[in-house]
Amino acid sequence: MRSIKIPEDRVGALVGKDGASKKLIEERTGIKLSIDREGEVVWNDNAEGVEPIMALKIIDVVKAIGRGFNPDKALKLLDDDDMYFESIDIKDIIGDRQSQVQRARGRLIGKDGKTRKLIEDLADVYMSVYGNTVSVIGNTLSLPIAKTAIEMLLHGSEHSTVYHYLESQRPKLRIAEMGFDL
């Protein structure tokens with residue numbers, strides 16, 4: 001048996017309307033989930049017929065939903081063997097002061113979500129800013145690019161500098177999309 005704790009306010013997203021999200025995750029992975037109201041998620045990844053890779057991937061799917069992603073985006077982690085989830089604790093980079101965390105969250109999201117949307121579009125990732133974390137779902141090429149952009153913003157780089165960095169990485173992503181190795 002394995003377990004993970006997610007924020008209580010994300011339990012509804014994990015379960016879904018009438019249990020739809022939970023059921024879909026269970027069907028796709030072959031692993032039954034037990035979820036309580038406090039956010040404790042328990043499953044048996046040693047059950048008969050469970051693929052070992054699904055036992056690993058379900059952890060990231062549950063974590064991603066717990067960090068603010070909607071289940072549709074989190075399930076992309078099951079669709080592609082080259083999709084990964086990574087979460088960065090904002091406090092680890094800028095410190096514990098809540099005012100600084102709020103400012104950093106604002107910088108990552110941007111006015112009307114512009115910065116988050118640009119990082120998602122230019123780096124070809126999904127991004128969620130939730131609580132004291134910023135999380136990203138992407139492939140082996142796009143994830144490090146997005147992570148660098150996020151860290152640049154958290155370390156105080158100008159938004160325009162970050163946008164230029166992301167634009168400079170686009171050719172690398174386009175080449176990879178065409179199936180060429182770099």
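The values are calculated or read from the model by the stated rules, or taken from the named source; none is laboratory data. Because the structure is a prediction, the values reported are computed rather than measured. Please note: Cβ atoms are built from the backbone with ideal geometry, for glycine as well, and neighbour counts cover all protein chains shown.
Here are some notes:
- Residue match in region 105-128 (condition: part of a loop (DSSP other than H, G, I, E, B) and under 22 Å from VAL41 (Cβ atoms)): no
- Filter pass, GLU120 being surrounded by 13 or more Cβ atoms within 10 Å (Cβ to Cβ), under 25 Å from ASN132 (Cβ atoms) and assigned by TED's automatic domain parsing to the domain that holds MET152: yes
- With respect to (1) basic (Lys, Arg); (2) loosely packed, with under 12 Cβ neighbours inside 10 Å; (3) more than 28 Å from ILE6 (Cβ to Cβ), the lone exception for LYS172 is condition (2).
- Single match in SER157, SER168 (criterion: more than 14 Å from the chain's Cα centre (by Cα) and outside any helix (DSSP H, G or I)): SER157
- Members of region 132-154 that are assigned to a helix (DSSP H, G or I), closer than 17 Å to ASP81 by Cα and in contact with a helix residue (DSSP H, G or I) (Cβ under 7 Å, 6 or more places away or on another chain): SER142
- From the list ILE94, ILE150, ILE145, the lone residue that is within 15 Å of the chain's Cα centre (by Cα) and touching a residue at least 60 places away in the same chain (Cβ under 8 Å) is ILE150.
Residues checked against (1) at pLDDT 95 or above; (2) surrounded by 15 or more Cβ atoms within 10 Å (Cβ to Cβ); (3) part of a helix (DSSP H, G or I):
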{"site": "ARG10", "(1), (2), (3)": "yes, yes, yes"}
{"site": "GLU27", "(1), (2), (3)": "no, no, yes"}
{"site": "ARG37", "(1), (2), (3)": "no, no, no"}
{"site": "GLY49", "(1), (2), (3)": "no, no, no"}
{"site": "ILE53", "(1), (2), (3)": "no, no, yes"}
{"site": "ILE58", "(1), (2), (3)": "no, yes, yes"}
{"site": "VAL61", "(1), (2), (3)": "yes, yes, yes"}
{"site": "GLY68", "(1), (2), (3)": "yes, yes, no"}
{"site": "LYS73", "(1), (2), (3)": "yes, yes, yes"}
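- Those residues of region 77-89 which are crowded, with 17+ Cβ neighbours inside 10 Å and in a helix (DSSP H, G or I), in sequence order: LEU77, LEU78
- Extreme residue, surrounded by the most Cβ atoms within 10 Å (Cβ to Cβ), among residues of region 12-25 that are in contact with a strand residue (DSSP E or B) (Cβ under 8 Å, 6 or more places away or on another chain) and under 19 Å from MET54 (Cβ atoms): ILE25
- Test: ASP36 is more than 13 Å from the chain's Cα centre (by Cα), closer than 23 Å to GLY131 by Cα and assigned by TED's automatic domain parsing to the domain that holds MET127: no
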